[in-house]
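Read-outs throughout are calculated quantities, based only on the coordinates presented, and are distinct from any laboratory measurement. On a predicted model such as this, the values are computed, not experimentally measured, just so you know. Virtual Cβ from ideal backbone geometry, glycine too; neighbours counted across all protein chains shown.
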Amino acid sequence: MNFPIRVYYEDTDHGGVVYYANYLKFMERGRTEFLRSHNIELDRIYNDYGVMFVVTEVNIRYKGAAHFNDLIHVETLLTQASGVRIAFIQRIQKKQEPAQKTILTDATVQLACVNREGKPCLIPKALLSTLQQQIHQGIQG
């Protein structure tokens, strides 16, 4: 899935360059919108199943910089869903004319399913099934 984000002044440092930690915020939005596009709402799974996902590991490589008013795209691909873990590959790109893309970051993100007490727990079966279908569609698509 590809999610567009406009860089606002609040996202940048005093030089108009996106502050490095804000790329993590952009990726969070990308994952949330990826799940939403597959009818997985984070507040609903908390209310219905009593679970939530927490980030346990991020490996990010910065390759370029976005600037104030750039239109960037967060590409999100689900790569794993099993047991208590889900994993994503995410890339942030800036599209330029004519049809060029500049990769700004590449990242792998690991999440764990936890219950209301914050203890690791298995991903509920119905939710796991939906997630695994998205992995297979992502591989084929």
Which of the residues belonging to region 64-88 are touching a Ser or Thr at 6+ places or on another chain (Cβ under 8 Å), under 20 Å from Ala21 (Cβ atoms) and surrounded by 13 or more Cβ atoms within 10 Å (Cβ to Cβ)?
His67, Phe68, Phe88
Do we have Gly30 as assigned to a helix (DSSP H, G or I), small (Gly, Ala, Ser), closer than 30 Å to Arg6 by Cβ and in contact with a Ser or Thr (Cβ under 6 Å, 6 or more places away or on another chain) here?
yes
For region 1-27, how many residues meet the condition of being in a helix (DSSP H, G or I), of a type outside the set (A, V, I, L, M) and either farther than 19 Å from Thr105 by Cα or in contact (Cβ under 8 Å) with a residue 24 or more places away in the chain (or both)?
5
Being part of a strand (DSSP E or B) and touching a Cys at 6+ places or on another chain (Cβ under 9 Å) is the filter; apply it to region 33-61 and report the residue that is surrounded by the fewest Cβ atoms within 10 Å (Cβ to Cβ).
Val54
Can you name the residue in region 106-127 that is of a type in the set (Gly, Ala, Ser) and more than 20 Å from the chain's Cα centre (by Cα) and, of all such residues, is nearest to Arg61 (Cα to Cα)?
Gly118
Do you know which residues across region 62-95 are part of a strand (DSSP E or B), more than 13 Å from Gln132 (Cα to Cα) and in contact with a Lys or Arg (Cβ under 8 Å, 6 or more places away or on another chain)?
Leu71, Ile72, His73, Val74, Glu75, Thr76, Gln90, Gln93, Lys94, Lys95
